[in-house]
Amino acid sequence: MTLKNSVPIQYSTEASLINSKILDLDLVDLGFTGCLFTWSNKRKGFALTEQRLDRGLATESWLLLYPNTTISSMLVIGSDHHPILLNSNPNWKNDNIPFKFFGPWLYHEDCKKIIEECWNKTHSGSNAYIIARRLKDIKLQIRVWNKEVYGNIKTNIE
């Protein structure tokens, strides 16, 4: 692993011990969304150090119980750590999966048109409201478009 300025990170004995325990226990890193780093020394320029110290780990059996689990890094408030939030989504049902944007959709001209049309609609209200409304419109339109063009991806994959 390297920092932004390509200086190799020297792992301590403690870090090596933790990594070996993660392997020994067959734990899976749950990944994350949000900021790439969970800790910063808050210095400027070349003295800045940022690392991903905090993470969510789980066993395969736990993941089978909570397959929709996500980890999100949150905003720093009065600390040098970004807190992380585990959401195991216990109320999601298999047929009620929340909307997730599928990157390859961007290669389809119709998807680009939908996004452009929704984004160019005029709305009144605060900037935050306008952005939220545009994103909601995009989500609703793409959901319909996806079903018409691709059908049920989960069923198609199975």
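Nothing in this text is a laboratory measurement; each read-out follows from the coordinates by a stated rule. The shown structure was predicted, so the numbers you read here are calculated from the model rather than taken from an experiment. No Cβ is skipped: glycine too gets one built from the backbone with ideal geometry, and neighbour counts run over all protein chains shown.
Taking amide H as placed 1.01 Å from N in the peptide plane, the amide H of residue 35 sits under 5 Å from that of 73, each at least 5 places away or on another chain. Were the residues from residue 65 through residue 110 laid out at 0.36 nm apart, the gain over their Cα-Cα distance would be 12.5 nm. For the stretch 132-148, putting each phi into the Karplus relation 6.51 cos²θ - 1.76 cosθ + 1.60 with θ = phi - 60° gives couplings of 4, 5, 5, 5, 5, 4, 4, 4, 5, 5, 5, 4, 5, 4, 4, 5, 6 Hz, in residue order, rounded to whole numbers and with x for Gly and Pro. Here the spin labels are modelled as points 7 Å beyond Cα on the Cα-Cβ line, and at residue 35 and residue 52 they lie 1.5 nm apart. Note on residue 85/residue 21: beta-carbon distance plugged into 1/(1 + (r/R0)^6) with R0 of 35 Å gives a FRET efficiency of 0.90.
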